[in-house]
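Reading through the structure tokens given below for one structure.
Any read-out appearing in this document is the output of simple, stated calculations on the displayed coordinates, not a laboratory observation. Here the structure is a predicted model, which means the values were calculated and not measured. Ideal geometry is used to build each Cβ from the backbone, glycine not excepted, and the neighbour counts take in all protein chains shown.
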Amino acid sequence: TGREAGAAPQVRVEIRDTGVGMTEAVRSRCLEPFFTTKGERGTGLGLAMVYGMVQRHSAELEIESELGAGTTMRVIFPTAWLRDAQQPAPRVRAPRRLRILLVDDDPLLLKSLQDVLESDGHSVLAVDGGQRGIDEFLTARKRAEGFEAVITDLGMPNVDGRTVAAAVKSAAPGTPVVLLTGWGQRMRGEGELPDHVDRVLSKPPRLPELRAALEELVARGSRTH
């Protein structure tokens, strides 16, 4: 914790390494979505997602780096945020057990979201990648075992979330599609809703927001049938 003269109390989390570091040109762009120095191995989304999460918590992110000397990342939280975080968030549960298709290329997020949704009583099929998500959705439709909601990541290689959403709506226009993205807050603020998508949420999503979105979208779909 710390406080500069005249400033409100803060909590600072600092992570430092002794790796290769970054040039100033790279450091100045490292938070930009899709900017990467890893070639085809990188998506350019990792730090952009981190920055989005930091902003959603009203925190600041500072990055200091020197080529050949390592990098220091510092997250600065206002203590008011910590007080708010101690207040339990209202738990919103979906009105009934849903069959949900979860599509992402991040195995950690897939597992964590699947566990949470299943603990809420839902039946969840978690699949790796956009093309497999489309294949599983269409196969389930043929077996008359369709999904009542689809949650998909936006930034996936080869077949992204927009393509998944388009395929879902083409086969089953009434199926709600929730799109997860590291810059979801900005997209919502600018009123940017991609075609074939019913709701955009930040990645990783806040669980009360995800639960509320599922409840609202599924209920809306039920009223239109």
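For residue 142, a cut-off of 30 angstrom between C-alpha atoms picks up these lysines, skipping any fewer than 8 places away in its own chain: 111, 169. Couplings for the range 69-79, taken from phi via the Karplus curve 6.51 cos²θ - 1.76 cosθ + 1.60 with θ = phi - 60°, read 10, x, 9, 10, 10, 10, 9, 10, 9, x, 5 Hz in order; Gly and Pro are left as x. Overall, the range 105-163 carries a charge dipole of about 280 debye about its Cα centre when +1 sits on the Cβ of Lys and Arg and -1 on the Cβ of Asp and Glu, all other atoms neutral. Ordering 203, 142 from the fewest to the most neighbouring beta carbons within 10 Å gives 142, 203. Taking amide hydrogens as placed 1.01 Å from N in the peptide plane, the amide H of residue 200 sits under 5 Å from those of 179, each at least 5 positions away in sequence or on another chain. Going from the residue with the fewest nearby Cβ atoms within 10 Å to the one with the most, 197, 11 rank 11, 197.
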